[in-house]
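Heads up: the structure comes next, in structure tokens.
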């Protein structure tokens, strides 16, 4: 998982970062684990941002960018790099909830958290 600034730094610019994320899936070739043989696979990536206060309570350093409105999808898919990255922000915590919130919440598989 890469935050937008980190991805842009690795690829050289915001424009290259956005174009990279818009081309999903993209082909990759190489080992899955260190010292494994090379394989050709289709792979995906997703953009993360700083966690909102709710997600931060379950000990995460980041959260995925969530696009929920039609205009956000359009901006992401066809807007300028600056506009596309402008929709990459924390999701509103009042629109989320933790399904199971006890001392083991951070150890739960991701599917058990909303």
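Each of 22, 62, 69 has some number of other Cβ atoms within 10 Å of its Cβ, and from fewest to most they run 69, 22, 62. Would you please give the FRET efficiency between residue 68 and residue 33, computed as 1/(1 + (r/R0)^6) with r the Cβ-Cβ distance and R0 = 22 Å, to the nearest 0.05? E(calc), rounded to 0.05, equals 0.05. Look at 29, 45, 80 and count the other Cβ atoms within 10 Å of each Cβ; fewest to most, that gives 29, 80, 45.
Relative to the present Cα-Cα distance, how much length would full extension add between residue 41 and residue 96 at 0.36 nm per residue of separation?
Extending this stretch completely gives an extra 16.5 nm.
In the stretch 20-105, Cα pairs under 8 Å separated by at least six residues give a relative contact order of 23 percent.
None of the figures in this text is laboratory data; all of them are computed from the coordinates on show. In this text, all values refer to a predicted model and were calculated from it rather than measured experimentally. Don't worry about glycine lacking a Cβ; one is built from the backbone with ideal geometry, like all the others, and counts go over all protein chains shown.
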